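In what follows, a single structure is set out as structure tokens and then discussed.
Laboratory data are not the source of any read-out in this text; all were calculated from the coordinates shown. Here the structure is a predicted model, which is why all the values come from computation and not from measurement. Glycine also receives a Cβ, built like all others from the backbone with ideal geometry; neighbour counts cover every protein chain displayed.
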Amino acid sequence: MHSVHEEYRARLWHYRLVKAGLGLRQERLHRGPEEVKVDPHADAAVNGGSAISAPAAATPEQNGRPTPRARRVAAPSGVPTAADLAAAHAAVEWDQYEERDLLGAADSLRSDVASLALPLQLPDVEYARAEREELLGQLDDYLLPRLRRLDAPLLAVVGGSTGAGKSTLVNSIARREVTRSGVLRPTTRSPVLVHHPYDSGAFLSQRVLPGLTRVTSEAPEPAQPIDVDAPPVTALRLVPHDGITAGLAIIDAPDIDSVVEANRDLAVQLLSAADLWVFVTTATRYSDNVPWQMLRQAVERGVAVAVVLDRVPLEVMQEVRTHLATLLRDRGLGTSPMFTIPETTLEDGYLPVGLVAPLAGWLRRLALDARSRDVVVRRTLIGVLDSLHERVRVVAAAADAQSAAEAHLRADVDNCYDAAHEELRRTLLGGGVVRGEVQARWNEFVGSGDVFRSLEPGSTSWRERLRTRVRPPRVAPAQPLLDALQQGLEGVVLSRLHSTSQGITGQWAGRTAGPGLLAATPELTTVPPGFGERLARTLREWRATLADLVQEQPGDGRGGAGPLGVDGAVAVLGVLAVTPPTAVSEPGSPGFVATGVLTALYGADVVEPLVGAARADLVQRAGELLESERERALGALDALGIRPGRGEMLLAKAAIVEEAR
Ligand SMILES: Nc1nc2c(ncn2[C@@H]2O[C@H](COP(=O)(O)OP(=O)(O)O)[C@@H](O)[C@H]2O)c(=O)[nH]1
Ligand SMILES: [Mg+2]
């Protein structure tokens, strides 16, 4: 079997080879892995033989892994893919981290995970987003704070069902009412963290549980009535108390089955910050579902767990103990120490000293004995690191799926716009514009006035006649024709843009992530406000270019426009520019007449380049408009923040965290 660990190491090699191939640092290729040793016997001493829990998957030996640290994994063969190269490229930025440093690696992994975009609605994306949140939670709530201060006090979180006796237990360990117990639910509002005064500094800072503000008051909060809609708790009450051994802090967490959702969430958050979970349950509640769900999470995360079976009537003690031990073993918690506290009457609200002594003593030894404490911390640390694997893999796969899906969406946009350019050129220059309104205005333009009559067969050279006339010929105003031409061209460009948008919509509708993206960003595939204005301006600019062209022609002192005037000459040139060369030979057709007029004005040699320049300018300007729309659509995809190679990058960083471990 190819273990996850080996897979990661192989990936790390691959990543490094790619990196080396790009001329990046090579030295690490030959560096020997570091050894982090956990003394497997240390925990046995902690509780007279009862070991602290470690899930099966968290212990390398149990997985049949052949001492992975001592082995070199051969680099997989194959040429680096584009994703490899992207990851290696991103690795330049990563290079600034000191990779040997686990904290640096974890920190960098964290910022990558936090900045990862998973916006496309792909199958399983919800799951990946949830995994990403869990991953961030693991990093923020436990891994990073613990790595920042490996020597910080051990944090034991007391959790369990409502009324199990958690608060009473915490008070009994402290031998002081540090937290309020009672039947009025929920009585534990701001969670209480009891610690030795020496350790205040470790908890006053926001190192652990950065989302909770610190409240320091020694008196317990007054009991509060149930409010199911209570706002989330935002404070952590710190209670310094010298009845607690230095090096150990205990949190009395809200009930994991609280009727108040915010309290349940807080309980989960507190548990995720713990080095040690102290699970309190009772003879009547121990088979409840909720605690076992929590315990399953503990197993998944590899956190150290101790179980307290509280309030057990003596007559069922043996039976319940045995049953609970079986349940624990079946669920991978067979090595968790179990403490039993028989049902008793409380003395002043406290459990009798003798009954809490085994648990209190065990916790005290953990705090005092650096080696035992280290075992707990490292167990949980390594368990959390191990469970990062799967989450990073899920998130990385989702990142790759996002960038693959985005590449398809992007290609759809590109393909549609590529085709649109060709189509636009065809419809602009294909003669379709010189119909309807434009044709009617053209007829008016050439029909009135005497300029065009001279072009009829049998008449003397028009050019000649124009030259010899004293008075300029009558010319109908060109503006109506220019307006019609402008409108016709606007219509062509707009309808091309519409059908391109429709084309993209159609393509995207067939993509998994397409409909979601279309629904979320309808503006992406509709003509944007202001486009009509830009289009009109563009065509006016084209006309201005035509005006420059005709005026540059050698003429008779009135510019090159001749007797038609600039507007008239521009109108004739414009009409000819949008008439296909195949349609100029039919006598009387606009193309035929326009060719004749321009030939008469400028000479046969000039007409073709002049018309060519007018066409090229029109196609270019309209093309730029289309291009700006392509950019808009691609820009919207860019804005999703999906970058290629992120998955590979995450895996590579996770591999480095894994190795630094
Ligand atoms: N007789 C008896 N009552 C207990 C014991 N432990 C807790 N209680 C009572 O049970 C109720 C709930 O206990 P509490 O510690 O608030 O439970 P929590 O909800 O888990 O924090 C309180 O009224 C306690 O006084 C015990 O061992 N014996
Ligand atoms: Mg309580």
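Quick notes on this one:
- Nonlocal amide H pairs with F339, under 5 Å, H built at 1.01 Å: V307, V308, L309
- Three-way shape call for region 150-368 based on the alpha-carbon gyration tensor, with the a/c threshold at 1.5: rounded
- Paramagnetic reach from R632 (point 7 Å along Cα→Cβ, amide N under 19 Å) across region 512-554: 517-541
- Charge dipole magnitude, Cβ of K and R +1, D and E -1 - region 622-661, Cα centre, debye nearest 20: 260
- In Hz, Karplus ³J(HN,Hα) per residue of region 254-259 (6.51, -1.76, 1.60; θ = phi - 60°; x = Gly, Pro): x, 5, 6, 10, 3, 6
- Counted by neighbouring Cβ atoms within 10 Å, the residues L276, L327 run from fewest to most as L327, L276.
- Secondary structure note: in region 150-368, about 15% of the DSSP beta bridges are antiparallel.
- H195, H389, H498 arranged by Cβ crowding within 10 Å, fewest neighbours leading: H498, H389, H195
- Per-residue ³J(HN,Hα) for region 286-292, Karplus 6.51 cos²θ - 1.76 cosθ + 1.60, θ = phi - 60°, Hz, x for Gly and Pro: 5, 9, 4, 6, 4, x, 6
- 5 angstrom amide H check on R661, placed H, neighbours 5+ away: none
- Sites Q297 and A639, calculated FRET efficiency, Cβ-Cβ separation with R0 45 Å, nearest 0.05: 0.80
- Rg [Å, one decimal], Dmax [Å, integer] - region 405-644, C-alpha atoms: 21.7, 74
- Length gained when the stretch H241-A370 is fully extended (0.36 nm per residue, less Cα-Cα span): 44.3 nm
- A simple spin-label model places the labels of E490 and T284 8.1 nm from each other, with each point 7 Å out along Cα-to-Cβ.
- Spin-label pair E343-R331: with each label point 7 Å from Cα along the Cα-Cβ axis, the two points sit 2.3 nm from one another.
- Placed amide H near V215: partners under 5 Å, 5+ positions off or other chain: L236, R237, L238
- The residues D369, D386, D567, when put in order of fewest to most other Cβ atoms within 10 Å, stand as D369, D567, D386.
- Label-to-label distance for E523 and E126 is 2.8 nm, based on points extended 7 Å past Cα in the beta-carbon direction.
- Applied to region 195-212, the Karplus parametrisation 6.51 cos²θ - 1.76 cosθ + 1.60 on θ = phi - 60° returns per-residue 3J(HN,Hα) values of 8, 6, x, 4, 8, 3, x, 5, 10, 5, 6, 8, 4, 9, 6, x, x, 10 Hz, with x for Gly and Pro.
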